[in-house]
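Colleague: Let me begin by handing over the structure; questions about it come next.
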Protein chains: 2
Amino acid sequence: MSRNEITFRHATRADLPSIVCMLVDDELGSQRERYEDPLPQSYYAAFEQIDIDPNHELVVAELNGEVIGTLHLMFLPSISVQGSLRAQIESVRVDRNHRNHGIGNEMMKWTIERARERGAHVVQLTTHESRADAHRFYERLGFKASHVGMKLSLK
Amino acid sequence: MSRNEITFRHATRADLPSIVCMLVDDELGSQRERYEDPLPQSYYAAFEQIDIDPNHELVVAELNGEVIGTLHLMFLPSISVQGSLRAQIESVRVDRNHRNHGIGNEMMKWTIERARERGAHVVQLTTHESRADAHRFYERLGFKASHVGMKLSLK
């Protein structure tokens with residue numbers, strides 16, 4: 001397959017509609033996001049908090065000037081493991097029209113390299129137990145499914 | 001059982017030896033921590049980063065003026081779920097001499113209330129798949145084991 005190069009950059013406020021559009025276009029996301037014009041203000045408020053914090057990187061992947069993927073990379077200082085830095089990935093999405101072309105793989109490789117650059121000792125993430133394809137995808141990248149991810153809803 | 005009240009507060013630098021002592025006293029922790037006098041400088045460096053960040057709360061539980069438990073509570077802004085705040089718990093430990101007295105339960109109830117106060121929509125954590133007792137403990141508190149926790153070591 002030949003194609004143009006994917007580039008990565010930090011998201012700007014203007015990318016939020018593209019990001020939310022990808023978050024909502026998903027079996028789980030469709031139940032909890034609101035993709036409207038204008039977007040609910042809560043998305044912008046969260047963006048501001050992420051944008052000012054150097055331990056958070058909201059990332060978009062672009063192909064030919066179009067946003068086709070997103071992920072949220074965060075760096076978490078920790079006392080454990082001798083005070084090591086953890087990298088954590090949340091909210092990984094690839095645009096529906098660009099799936100199954102290896103883009104998720106490139107996004108993860110970029111992210112792992114970024115975590116390494118910043119000195120993280122581990123990259124961690126959780127995926128819903130129903131996402132069997134995602135588990136295989138991350139295992140191919142070297143992730144081990146060593147933990148159980150537990151959530152308590154407060155709303 | 002009657003006993004004095006457990007109190008909670010943010011950890012100070014002076015609590016680090018007690019915290020690391022609890023982290024190392026564990027099947028997994030014993031392989032990755034270094035409880036020495038003085039403690040390796042990396043623990044203090046991590047503490048400074050946690051201490052200055054209002055989205056991180058390193059917490060100790062005290063009984064009669066003695067530190068008997070610790071956990072690291074973090075608040076993670078997120079675009080997903082309409083820009084909701086997530087609370088995440090890491091590095092939960094109870095001193096070996098005080099286990100099986102409901103202290104972990106009180107620590108978690110305090111933490112869940114704290115997450116609620118700060119407006120988090122979810123509390124999330126992962127536990128090693130080998131910690132079956134921990135899974136039952138968190139399920140009794142209302143957590144759902146809905147996710148697979150995956151880790152990639154970079155060292």
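Colleague: List, shortest first and in nm to one decimal, how far the label point of B:Asp133 (7 Å from Cα along Cα→Cβ) is from its counterparts in the other copies.
Modeller: Label-point separations across copies, in nm and ascending: 4.1.
Colleague: What pairs from B:Lys109/B:Lys151; A:Lys109/B:Lys144; A:Lys109/A:Lys151; A:Lys155/B:Lys109; A:Lys151/B:Lys155 go past 22 Å between their alpha carbons?
Modeller: B:Lys109/B:Lys151; A:Lys109/B:Lys144; A:Lys109/A:Lys151; A:Lys151/B:Lys155
Colleague: What are the distances, in nm and sorted shortest first, from the label point of A:His10 to the label points of the same position in each other copy, with each label point placed 7 Å from Cα along the Cα-to-Cβ direction?
Modeller: 2.5
Colleague: Still on this structure: Evaluate 2.2 N^0.38 Å with N set to the residue count of segment B:29-89, then give the Cα radius of gyration divided by it.
Modeller: Dividing the Cα radius of gyration by 2.2 N^0.38 Å gives 1.44.
Colleague: Across segment B:83-93, in residue order, what do the Karplus-derived ³J(HN,Hα) couplings come to in whole Hz, using 6.51 cos²θ - 1.76 cosθ + 1.60 with θ = phi - 60° and x for Gly and Pro?
Modeller: After applying 6.51 cos²θ - 1.76 cosθ + 1.60, I find x, 7, 8, 9, 9, 10, 10, 10, 6, 8, 9 Hz.
Colleague: Using a basic spin-label model with each label point 7 Å from the Cα along Cα→Cβ, how many nm lie between A:Asp25 and B:Arg131?
Modeller: In this crude spin-label approximation the distance works out to 3.8 nm.
Colleague: Also, I was wondering about something else. What per residue convex hull volume, in Å³, comes out for segment B:1-57 when only alpha-carbon positions are used?
Modeller: 132 Å³
Colleague: Could you size up the charge dipole of chain A around its Cα centre, putting +1 on the beta carbon of Lys and Arg and -1 on that of Asp and Glu, and report it in debye to the nearest 20?
Modeller: 580 debye
Colleague: For labels at B:Gln41 and A:Ser153 in the simple 7 Å Cα→Cβ model, what's the distance in nm?
Modeller: Label at B:Gln41, label at A:Ser153, 4.9 nm between them.
Colleague: A further question follows. In segment B:11-100, carbon and sulfur make up what percent of the accessible area (probe 1.4 Å)?
Modeller: 45 percent
Colleague: Per 0.36 nm of contour for each residue apart, how much would the distance between B:Ala14 and B:Lys144 grow if the chain were fully extended, relative to their Cα-Cα spacing?
Modeller: Gain in length upon complete extension: 43.3 nm.
Colleague: Related question: With θ set to phi - 60°, apply the Karplus curve 6.51 cos²θ - 1.76 cosθ + 1.60 along segment A:122-129 and write out the HN-Hα couplings as whole Hz, x wherever there is a Gly or Pro.
Modeller: Once θ is set to phi - 60°, the couplings for segment A:122-129 become 8, 10, 10, 7, 10, 10, 4, 4 Hz.
Colleague: Find the eigenvalues of the gyration tensor of the Cα atoms of segment A:2-155, then list the square roots of 5 times those eigenvalues as equivalent ellipsoid semi-axes, largest first, in whole angstrom.
Modeller: For segment A:2-155, the semi-axes come out at 23, 20, 18 Å.
Colleague: Hey, what's the per residue convex hull volume over the C-alpha atoms of the protein assembly as shown, in cubic angstrom?
Modeller: Output value, Cα hull per residue: 137 Å³.
Colleague: Right, another one. Taking the axis about which chain B rotates onto chain A, which residue of B lies nearest it as judged by Cβ position, and how many whole Å separate them?
Modeller: Smallest Cβ distance to the axis, with its residue: B:Gly149, 2.
Colleague: Still on this structure, I have one more. Sort out for me the Cα centre separation of segment A:2-28 from segment B:1-70, rounded to whole Å.
Modeller: 39 Å
Colleague: Amide H of B:Gly69 versus every other amide H placed in the peptide plane: which residues, excluding those fewer than 5 positions away on the same chain, fall under 5 Å?
Modeller: Amide H neighbours of B:Gly69, under 5 Å, 5+ apart: B:Ala61, B:Asp95.
The values are calculated or read from the model by the stated rules, or taken from the named source; none is laboratory data. These numbers come from a predicted model, not from an experiment. In this analysis, Cβ positions are derived from the backbone assuming ideal geometry, glycine residues included, and neighbour counts consider all displayed protein chains. Note: accessible area is taken over every heavy atom of the protein model, side chains too, but ligands, DNA and RNA are not part of it. Shrake-Rupley method; radii C 1.70, N 1.55, O 1.52, S 1.80 Å.
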